[in-house]
Every structure is written in structure tokens, then in C-alpha cells.
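As C-alpha cells, the structure follows; a few thoughts come after it.
A short reminder: the numbers here are calculations on the coordinates, not readings from a lab. The structure displayed is predicted, hence computed values, not measured ones. Neighbour counts are summed over all protein chains in view; Cβ atoms, including those assigned to glycine, are modelled from backbone coordinates with ideal geometry.
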Amino acid sequence: MNLEQQLKLQAWVDGELPEAEARQMAAFVQGQSEAQTLVGELRITKGFLAGNEPEAKLPESGDFYWSKIQRAIEQEEKVAARAPGASWTFAWRRLMAPISGVALIAFLSVLSFNVFRQQSVDDGANLLVEVENLSEDIGSISYRSQSENMFVVYLYKKDVQEAENDPIAEPVDDTFLQ
Amino acid sequence: MATQPEKPDVPDEKLVRRAQRGDMVAFEVLVGRHRDKIYARAFSMMRNEDEAVDLSQEAWVKGWQRLKQFQGESSFVTWMTRIVINLCLDQLRKQKRQRAESIEHLEEELGGVERQMPTVTVNPTAGLERTELRARIDRALNLLSYEHRTVLILHEFEDLEYKEIAKRMQCSIGTVMSRLFYARRKMANLMASYKREELS
């Protein structure tokens, strides 16, 4: 007999086979001495185990055993009594965590949109920028690099520079706009 | 509570109803009545006194917490036994994950040894007194792997069907069938060897 047949035989002994299969198995066992021997062993084993579970006595006093159970129950109940507040806070945090996340993303999106929009406005303004110099004594020369995002203004004293005919020889001030 | 409130005439059902309403004294009586049985089930599965005490206590705590869910479809002690079995199975699974599987253990799982054993044809327990029979069964159970022992206990002592055992042990019905088969074969041969010891 192979293992599959042996397991089926056991299922038959245990009354786990459907009726039709159980009938087939009964017929099979009748003509098979090996199967009959195995069925005999399975029935002997089932027989001596039935109702003979080993007994075990608690190795400590009943009072001590109960006192530990009672203490554990009381401790659990204290935790449970605190739990409603804690669980409310926990539930609130659980609710707020995704909302906070969404709010943060929305805030960053709006912020970055405004920054870029401001930058593009600034870029446009840079293109149009003009240095208006109202001073009669000081002249100015401006330089702008779009690729470097840089705007430089040189200021010079008109009388000195114009006299020397060299406007960038002694700049009095320069400003970098980046 | 120092003194055990004995209420021998009060049936379990009544005590359970009182405990369900929060009567701790009623629950204490139930614990006193069934503590040995619940402990014995934990011990038969764990084979360790300390673990059995801890798990049986945990079962009683869980029993108290879930008492409102107990509808009385089975007896209270059966319900409590199922709780302790589940706790033991969880604990055994944790232990199994922690220990490396030996080749011998794998052999046993596959039935390499059990399949070679001679078939027992004469009842090796015939004529034994019940106490001696139980002692021998206990001795033999101790030598089974926890998988074989557990499936045998759940089938023979808890009367669970293959399907229910598979669900509780989180394995297939086929695995339950083979484990039960090998467990029985080994059990029969161990009992036969004890008989031979006695005669020699």
C-alpha cells in the first residue's frame, strides 16, 4: 500500500470519508490483508487513547494561581479604562496625519507656484529694467546677463571720468543683482 | 482573595451568566473548578510546567475579557479549552520559528522513520490499569514531535475533525492526515515497546 492509500484508510477509520468512498474503502479492506492489519493497529491506537488523556495537576496553589489571574485582569482593565482617551487621541492622530500631509503638499505647491510666478514676473521686469539716474554728478553703466541671472550697475563720478574719458576706471559703487 | 468561594451546587451556566455581568467571584469559582483541566491541556501541548502555567493563566484572562462573546454553543470548559489551545499553538509557532529544523525532525515530519515501523497487531495496553495506561501515554507523548503530538491531542482528546485541525494549525488537511498517521504509528510502536520492557 502506498502512503495515499494508507491515509485514505485512516480517514475511513476516522469516519472522515464521504459515504460512497467509505463503501469503496470497506470493499478494498475486505480483500487486502495488509490493509486489515493497518486498520487493526489504527483501531487499537484510537482505542487506548480514547478517554485516557494524561492528567496534570496545577503545580501551585489555587489561591496563588487565582491571585495572578486576578491581578492580570485588574491590570488589563486599568489599561482599558485609560484606553478610551488614548484611543481617541490615537484615532484623531490617525485622521489628522493624512490631512496634515495633504495640507503640507498643498501649501508647498501654492508656495512654489507663487515663487515661480514671482520669478517669471521678475524675469519680465528684468528685461524691462532701466536705471534711472537723477544725479547730475554721477553717471551709470549697467550690464545684464540673462544666462547668469546677473545685473551689474557701475556708478561713477561724471566730472572725473568724463574728464579722463574713461568711464570704468574708478567705479565708486557697484551693485550685483542676482 | 485568600479564601476560595466554593459553590458546588451552582452549575457552570449560571456562574458564567453572573461572570458576564461582571461578577468576579463567580469567575473565580469557574477558575477553581476547571483550572486543572485547562492547565493539563496546556501542559500536554507544551510539555513544560512553567509555560503551561503562564499560558493557562493567560487563557483565563482572555476568557474573562471575552466572556460576553460566549453564547453557550459549547460548554464553558470546552470554550476555555479552545482558548488555551490557540494560545499554545501561537506559542509553539513562535518557538518553531526560533529553532532550526534538524534533519531528524525533517525525517520525522516526512514519516521516514514511522513508515519503517512494524505494524502492531496485539493491543499493547491490554490489562493495564488506567493510571498506568495514562502514565505510558504521557511518556509516549513526550517523545513525539510537537507537530505530531498536537495533531494527536486535537484529534483524539479534543475530537476535532481534520478540517478544524488544519484551520487551527494553519496547514493543509493532507498535512494533518499524514501527521496524524505518523503520530499514531509511532504511538502504537512506543506502547508496544513499553509492553516489551515490562515483560523482559
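Result for chain B in a Gaussian network model with C-alpha springs under 10 Å: among B:N189, B:N48, B:N86, the largest mean-square fluctuation is at B:N48. The fraction of all Cα pairs in chain B landing in successive 5 Å bins from 0 to the largest distance is 1, 7, 13, 16, 17, 14, 12, 9, 6, 4, 2, 0, 0, given as whole percents. A simple spin-label model places pseudo-atoms 7 Å from Cα toward Cβ; at A:F113 and A:Q146 they are separated by 2.7 nm. Within 10 Å of the Cβ of each residue in A:1-10, the mean number of Cβ atoms contributed by other protein chains is 3.
Among the trypsin sites (Lys or Arg not before Pro) found in the range A:10-101, those both in a DSSP coil and sparsely packed, with 16 or fewer other Cβ atoms within 10 Å of their Cβ, are A:K57. Applied to the range B:148-160, the Karplus parametrisation 6.51 cos²θ - 1.76 cosθ + 1.60 on θ = phi - 60° returns per-residue 3J(HN,Hα) values of 5, 4, 5, 5, 5, 4, 5, 7, 7, 9, 9, 6, 8 Hz, with x for Gly and Pro.
Cross-link check: pairs B:K94/B:K163; A:K46/B:K186; A:K57/B:K37; B:K68/B:K94; B:K94/B:K167 evaluated at a Cα-Cα cut-off of 20 Å; pairs beyond the cut-off: B:K94/B:K163; B:K68/B:K94. The distance between label points at A:K68 and B:R47 comes to 2.2 nm (points 7 Å beyond Cα on the Cα→Cβ vector). Translational diffusion of the range A:3-52, estimated by Stokes-Einstein from the Kirkwood radius over alpha carbon pairs at 4 °C in a medium of 1.567 mPa s, is 116 µm² per second. Take each residue of peptide A:62-75, count the partner chain Cβ atoms within 10 Å of its Cβ, and average: the result is 5. Coupling constants for the range B:36-49 follow from the phi torsions by the Karplus curve (6.51 cos²θ - 1.76 cosθ + 1.60, θ = phi - 60°), and in residue order they are 5, 5, 5, 5, 4, 5, 5, 5, 4, 8, 8, 6, 8, 4 Hz; glycine and proline get x. Counting other Cβ atoms within 10 Å as a rough exposure proxy, the listed residues A:I105, B:I85, A:I141 run A:I105, A:I141, B:I85 from fewest neighbours to most. The mean number of partner chain beta-carbon atoms within 10 angstrom of a residue's beta-carbon across peptide B:134-147 is 2. Working note: Cα atoms of the range B:129-173, range along each principal axis, descending, whole Å: 36, 20, 11.
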